[in-house]
Amino acid sequence: MITLQCKLTFENEKDKQKLLELMRQFSSCNRYAYNRLLEGHKRKELKKHLQKVFNLNSRYCDDAIFKAQSLINSCNERGQNPKKVTFGGRKIFEKLTKKHINGKQRKKLKQKWEERRKGCLYSRGDKSKKGNLNTRILIEKEGLKLRINTGERDWITANVRRTVNRPNDKWTGFIARLLEAEKTGEYFPYSVEIRLINSQIYAFISFEEEIPEHPIITKEEGITGIDINARPFHLALATIKPDGNLQAVNRITLHNLINKTKNQREYLSWQIAHQIVETAIIQNKAIAIEKLGNIPKGNKGDGSKKLRKIKQRWIYRGILEKIKTIAKREGIEVIEVNPAYTSIIGMLKYASQYNLDKDTAGAFVTARRALGFKEELPKHYKNLISDESFIQYATNKIEEEKQKTREKLNTEKNQYKKKPLKKKLRELNKHIKILQNLNSEPQTQQPVNQRKEQVRGWQYASYKLWQVVKTALTIPVLGKSLSRDLSPLKSIMISGDWDRVVKRLAPVAWDRGYGVDKYRQLGTYPHLKKAEHKYPSPKCMS
């Protein structure tokens, strides 16, 4: 659906006043229909009643009911109470009720509220009525005209004013379709909504755009996978060949969206979506995105101020919807995949192999999943979670991290900084529980019998194998739950020699370059000191 805006002007003031009166009647009819629908009245009975009360034709009354029902459906979808809707805007109404606003400021607010409340006229399109019966666009020698039905076989015409500033303007295509429809007689429906804004009258014309019935660029040529990330705030792109192998990677930063207004973020999001689709056209690839649901944006006092600020302004769903819209318009196939474990699989399996960051690796998995590939657990990873010595080592490392976190929690006095520490403790307890119950039998529906005796162990099957591997490798081997350095995993995945990886040498810091000349003159080099074991093996401690 495309909506185009244009300005309406009138040759005489009489026609303008007729339109303003019609807009007032329609707005009142819309509010009346809204309240009657909330009371449970049916559409057919309400339609006849509205014609008698407001002296409008049946189409205008039907459009008022349609607009009112759309508003009710919108409130229900967003989980809002439809009975609390304030026509004209609740925020403006609340400002008008305050006594400290007076003079020109109050007059301006009241005018804005009345225009929103009373200045509206809507007419749905109809293909069988040359596009629109009540508000029809006419192409004449003098220019474009909008013919408006004011009732009782009375029509007024308004001049349509709109400038075209770029060659690819949608207005040019709309006029071309109107001219073609006049010649062929095959009309298309377009809806017209007339609104009063700052004492000026504008028309908003909406119509369905012409898009290819079938995509031109399909996944048979390969796919570009997209992964959206909050930290760092960017889009990761991975392009793969039809056989599933990596072809190219790219990254688009989203930091320009931070500290911007809503309209600015909307404009920049469209630019980013166009950039992604243009890249897919050049590479002749389809697009794969994750089918994301609602992502929690955090709460005040959770200890993650910077991340929460980014998520509050993170219009991830808007970007994905824009990508889908533009790609559909250009004939590019868009495939939505299940996002479960894409980042974990990319981090553990492909990041170290291809020297990718975990975000790009996640986009790589998204693209492969769109082609139908299934990610099997590597052989050495399976052996790793079956090795009792490694599981014991991993459990000990997580216990050490748990002890450090508990000590930080005990010394922390700020109640808000305690929340992320408590959250981390809960996650560590969960990780320990997973590792301690790896070899237990599956749990039945009832874990105890009639005598309250334990009959089965913890249900290991409830955890995906990839989640188990992540638990066993991140903190015990990488040192962090979300580490950026994933290179140690390559040796484990290829050779399975975890003991060698955890005993690797870590150089002692030598001032990060500060004072190097001083030590060089003395003939000593602190960075050549004997390194210590960063991850000592339990076998060496016995």
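Only the coordinates and a few stated rules stand behind these numbers; no lab work does. Keep in mind the model is a prediction, meaning the values are calculated, not measured. All Cβ positions, even for glycine, are placed from backbone atoms using ideal geometry, and neighbour counts span all protein chains on display.
Out of the stretch 316-404, which trypsin sites (Lys or Arg not before Pro) are coil in DSSP terms and have no more than 10 other C-beta atoms within 10 Å? Here the sparse-neighbourhood loop sites are Lys374. Legend: P(r) of the stretch 103-182 from all alpha carbon pair distances, 5 Å bins from 0, whole percents, reading 3, 11, 15, 19, 16, 13, 11, 7, 4, 1, 0. Karplus-based coupling profile of the stretch 271-276, in residue order and whole Hz: 4, 5, 4, 4, 4, 5, with θ = phi - 60° in 6.51 cos²θ - 1.76 cosθ + 1.60 and x standing for Gly or Pro.
Among the trypsin sites (Lys or Arg not before Pro) found in the stretch 1-53, those both in a DSSP coil and sparsely packed, with 15 or fewer other Cβ atoms within 10 Å of their Cβ, are Lys42. Spatially close Lys pairs in the stretch 325-395, defined by Cα atoms under 24 Å apart and a spacing of eight or more places or different chains, total 8. Counting only residues at least eight positions apart within a chain, or on another chain, the aspartates and glutamates with an alpha carbon under 18 Å from that of Lys418 are Asp302, Glu401, Glu407, Glu427.
Listed by chain and number, the lysines placed with their C-alpha closer than 22 angstrom to that of Lys52 are Lys18, Lys42, Lys44, Lys67, Lys118; residues fewer than eight positions away on the same chain are left out. If one computes the Cα centroid of the stretch 16-31 and of the stretch 34-48, what distance in Å separates the two points? Centre-to-centre (Cα) distance: 20 Å. For the stretch 261-288 versus the stretch 317-388, the spacing of their alpha-carbon centroids is 20 Å. Checking the Cα-Cα distances for Lys170/Lys260; Lys47/Lys95; Lys7/Lys170; Lys7/Lys48; Lys423/Lys464 against a 24 Å cut-off, the pairs over it are Lys170/Lys260; Lys47/Lys95; Lys7/Lys48.
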